[in-house]
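As C-alpha cells, the structure follows; a few thoughts come after it.
The values are calculated or read from the model by the stated rules, or taken from the named source; none is laboratory data. Predicted model only: the values in this text are computed from it and were never measured. Reconstructed Cβ throughout: ideal geometry from the backbone, glycine too, with neighbour counts over all protein chains shown.
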Amino acid sequence: MDALLLARMQFAANITFHILFPTISIGMGWVLLFFRVRWLSTRHGSDKVAAQGWLDAYRFWTKVFALTFALGVVSGITMSFQFGTNWPGFMQKVGNIAGPLLGYEVLTAFFLEAGFLGVMLFGHGKVSERVHLMATCLVAFGTTLSAFWILALNSWMQTPAGHGIVDGIYHVKSWFDVVFNPSFPYRFTHMVLASGLTCAFLLAGLSAWQLLRGVAQRSAPRVLRVGLTLAGLLIPVQIVVGDMHGLNTLQHQPAKIAAVEGVWQTERGAPLLLFAIPDLETRSNRFQVKVPKLASVILTHEIDGEIKGLNEFRDRHPPPLPLFFAFRAMVGMGLLMLATSWLGWWLYRRASWRAERLPRALLGFFAAMTFSGWIATVSGWYVTEIGRQPFIVYGLIRTADVVSTVPTPAMIGVTLTLYLALYLALIVAYVSVLKYMAEKPEELLEIEELERAATPVGVATSPVLPIRGAAWTS
Amino acid sequence: MTFDATLPVVFMALMGVSMLVYVVSDGYDLGVGMLMHRATDAEKDVMIASIGPFWDANETWLVLGVGILLIAFPQAHGLVLGELYLPVALMLVGLTLRGVAFDFRVKAKDAHKNTWDRLFFAGSTLAAVAQGWMLGRYVSGFGTGWNYPLFAAAIAGALPMAYVLMGATWLIMKTEGELQGRAVEWARMAWAPMVGGLVLISMATPWVSATVRQRWFALPEIIALSAIPLMCGVSLLAVRSLLGTRHVRGPVCWLPFTLLILVFVLGFLGLAYSIYPYVVLDRLTVWQAASSPEALKVILLGACISVPAIAGYTVFSYRVFRGKAAELKYA
C-alpha cells in the first residue's frame, strides 16, 4: 500500500476512535448539570427518594463522564501530533487559518474543561455548592466551545470562505467569513444534536440494563425517562437539521451528494436508491433497488429537480461505495432512533413512569440501542470526511499534496497496527467497564466512600479522619 | 526589531514556557506512575489520588506546546514531528495507556485492577523514555552519526530519572506516614542517577553541537552563564541533604519539590540560550519557520486574554486541592 493510503487510514483510525468520546462528553456535561440542579432543587423537599435518585444519577454518570473524558483527552492529544506527522503540508499551506482556530480551541476550551474537571470530579466538600455547580457548568461549556472551534475548522475545510491565496499560502481576509463559512451553522448544529442523541441513548440504554439487572433502583427509572425524553425531543429536530445540512451540501459539494445517492449521470427526477453497489470500475450501480423520483424530491424539494452526477466531477469526486453505505447507516439509525424514542416514551408514560411495568423485551431493546449514537455519528462523519476526498480543503488542496514524505510505508504500517490494536482494546475495555459499573453502582459508591476515608490530607476531604499536621506549606 | 519581527520570538517563548510547565507538571505525574510498582495496593490508591485532580490539566500544556509549534511554526512542526515519527507514536501510546489506566483502575473489576496498575506504570515509563529520546534528538538538531543516537539514549535514560525524582518529592509533599517515608527513600535512590545524567548531558551537549559549544565557551558570556550550572548544583545538593534530614517529613516537605522546579527552570533557561534563535538547531530560525504576522497577532490576542485566565484557574485548582477548603461541608 502507498504512504498516502496508510497515512489516511492511520488518521481515520485516530479520528474515528476520538469522536466516540467527545460525542458523549459534549452532551453529558449538560446532562450532569441537569442532574445536579435536580438534586439541589429536591434535596430539601419532602421526596427524599427523588433527591437521592438524582444524586445517585449524578455520581454514577460523573464516573462515566470522567472515563469518557479521559479517553477523549488522550486520543485528542494523539490527533494534535498526527496533524504534523501525517499532513505536514496542510499546516504549511493553511496554517494561517487552521492555526488560530486550533489555538483558540486549546486556549479557550481545552484548558477550561481540563482545569475545572478536577474541581468537578473531586471537589465535593472542598468548595461550596455554588462553586462546584459553576465548575460543572464551565466543564460543560468548555466541551461545547471545543466543538465550536473544531467544527469551524472542519467546516472551513469543507466549504472554504473568507481567505486569500498568496504564493500558495492561505491568508485570512475575514475571520467572520472563515468561522461562519457556509456549512458551519449546519454542521455545528448537526454535531451538537448528534452528541445529545448519543448521550440520550446511552442514558436510556445503560439505565434499561440496570433495571433489567435490578440495580440502581432510585436513579435508573429517572435516568431512563430523561434519556427517552431527550431522545424524543432531539431526534425530529435532528432530522430537519440533517435535511437542511444535506441541501447545503448539495449547493456547495454536489460531488459528495452524487456519491451518497449513487448518481453517475446528471439527471432530473433522480430515484432514491434503497440499495445498490456503486462500482467505480464500470462507473455504474449494481443490484439497485430504487424509489422513482424520491432523491430529487428530498434534495431539491421538486419532483423533477436536477441532481448532478459523478461523471461531471471526474478525478474530483469521492469514492461512492463507502459514502453510499455510511449515509444509509446514519439515516437508518436515525429512523430507528425516532421509532424507539417515541414509542418508548409513549409506553413509559402509559406505564405512569413505573419502570417495573415495562416489558423486559422493551428494556432489552433500549439496552441494545445503548451505543446506537456511535454508529450514527461515525457514519455521518465518514460521509462528510470521505466525501471531501480527494481534497483536504475542498476544491483547493488535494490530500495527496500535503501528505508527509518522511516516514516510510513500513513505519506508518507498524504504527497503524499499534494504534489499531490499542484502540480496539480500549473500546472493548470502555464498553465492558461501563457495563460492569452499571451493574455494580452501589458497590462502586461504597468503594468511593472507603477511598475518601483513605485519601491523604490535601487530596480530598476526609469525613472520618480529622485533618491535622502541617503537610502543607500554607 | 519591529513588532512583526518580535512576534515569532514571543511565540517561541510562549511555546518554551508551555513545554517547561508540561515537563514540570506532567513530570511529577509520570514520576508517580513510574513509582507505582514499588508501592502497596493501599499506597497506590493514595498516589493516584494525589495526582488525580491535576493530571488532565497538566497534559493540556503539552497540547498547547505542540499546538504553538503547529500553529506558529508550521514549517518546524512538520520537520520536527517527521524526524521524531516513531518516538512520538510510542509516547502517544504511553500517554494513552497512562491516561486511561488512571481512570479504568478504580472502575474496573478488582481482578483487572492489577493489570491497569501495570499499564499505568508501563505507560508512564514509555512516555518518559520516549520524551527523553525526543529531547535528546531535538537538542542535538537531529544530527546523524554514531554519537547522536548515543546522546539521545543517554537523555532517554536520564529524563525518566528526573521525573521519578519529581514524583518522589511530590509524594513527600502530598502524603504522610509510611508512604511519605518510602517516598524519601525513592527520592534518594533517584537522585544520583538523575544528577549523573544531568552532568553527562551538560558535558555532552557542547560535544555534539558546535553551535552550543560556541555559545557557552566564549568570554565574557561564560562568566555570566556559569550562574546556571552553579545554581543547579547548589539546588541539587540542597535537595540531597534535605532528603537526609527528618525535617523533610515535617515543615519543609515542600522544599525538595520546589528546588527541583528551580533546577528544571534553570535547565530550561540554559537550553533556551543554547538554541535561540533556532526552532530546529542549525536548520530553521524562528523567523524562517513562523506563520504570517497577521495569524500570529490573532493568536496572540487570544493568548493574552486566556493565558492569565488559565494561570488563574490553575492556581485556583491547586488551592482547592491543597486542603484549604477542608472546613467546607462534605457533599
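Observations on the structure shown:
- The criterion of at least 3 residues that are surrounded by 21 or more Cβ atoms within 10 Å (Cβ to Cβ) and modelled with pLDDT under 80 is met by the following helices (runs of 4 or more DSSP H) wholly inside segment A:67-173: A:111-122.
- Filter pass, B:Leu171 being in a helix (DSSP H, G or I), surrounded by fewer than 20 Cβ atoms within 10 Å (Cβ to Cβ) and not small (Gly, Ala, Ser): no
- Answer from A:Ala259, A:Ala220, A:Ala216 - the residue that is crowded, with 20+ Cβ neighbours inside 10 Å, more than 24 Å from A:Met28 (Cβ to Cβ) and at pLDDT below 90: A:Ala259
- Candidates A:Thr405, A:Thr461 - the one that is loosely packed, with under 14 Cβ neighbours inside 10 Å, of a type in the set (S, T, N, Q) and modelled with pLDDT under 85: A:Thr405
- For segment B:163-185, a residue qualifies if it is more than 17 Å from B:Leu259 (Cα to Cα) and of a type outside the set (Gly, Ala, Ser), and the qualifying residues are B:Thr175, B:Glu176, B:Glu178, B:Leu179, B:Gln180, B:Arg182, B:Glu185.
- Filtered residues of segment A:393-429 (kept if among the β-branched types (Val, Ile, Thr), assigned to a loop (DSSP other than H, G, I, E, B) and at the interface with chain B (Cβ under 9 Å from one of its Cβ atoms)): A:Thr405, A:Val406
- Among the residues of segment A:108-151, those that are in contact with a Phe, Trp or Tyr (Cβ under 6 Å, 6 or more places away or on another chain) and more than 8 Å from chain B (Cβ to nearest Cβ) comprise A:Ala135, A:Leu138, A:Val139, A:Ala140, A:Trp149, A:Leu151.
- If you check A:Ala161, A:Ala140 for being of a type in the set (A, V, I, L, M) and within 30 Å of A:Thr370 (Cα to Cα), only one passes: A:Ala140.
- Exactly one residue out of B:Leu62, B:Leu92 is surrounded by fewer than 24 Cβ atoms within 10 Å (Cβ to Cβ) and under 16 Å from the mean Cα position of the chain (by Cα), and it is B:Leu62.
- Checking B:Gly94 against (1) at pLDDT below 85; (2) in a helix (DSSP H, G or I); (3) in contact with a Leu (Cβ under 9 Å, 6 or more places away or on another chain), the condition it does not meet: (1)
- Residue within segment A:153-172 that is under 27 Å from the mean Cα position of the chain (by Cα) and under 16 Å from A:Thr23 (Cα atoms) present: yes
- Cβ-Cβ contacts under 7 Å between residues 6 or more apart (or on different chains), taken from a first residue in segment A:326-347 that is surrounded by 14 or more Cβ atoms within 10 Å (Cβ to Cβ) to a second residue that is β-branched (Val, Ile, Thr) and at pLDDT below 90, are listed as A:Phe327/A:Val260.
- Of the residues B:Ala89, B:Ala57, the single one that is part of a helix (DSSP H, G or I), within 7 Å of chain A (Cβ to nearest Cβ), touching a residue at least 60 places away in the same chain (Cβ under 8 Å) and under 21 Å from A:His18 (Cβ atoms) is B:Ala57.
- B:Ser124 falls short on exactly one of the conditions (1) touching a Leu at 6+ places or on another chain (Cβ under 7 Å); (2) crowded, with 24+ Cβ neighbours inside 10 Å; (3) within 12 Å of chain A (Cβ to nearest Cβ); (4) under 28 Å from A:Val431 (Cα atoms), and that condition is (3).
Quick grid of which residues meet (1) out of contact with any His (no Cβ under 7 Å at 6 or more places or on another chain); (2) assigned to a helix (DSSP H, G or I); (3) closer than 20 Å to A:Leu335 by Cβ:
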residue: A:Thr249; (1), (2), (3): yes, yes, yes
residue: A:Ala255; (1), (2), (3): no, yes, no
residue: A:Trp264; (1), (2), (3): yes, no, no
residue: A:Leu274; (1), (2), (3): yes, no, yes
residue: A:Ile277; (1), (2), (3): yes, no, no
residue: A:Asn285; (1), (2), (3): yes, no, no
residue: A:Val289; (1), (2), (3): yes, no, yes
residue: A:Leu299; (1), (2), (3): yes, yes, yes
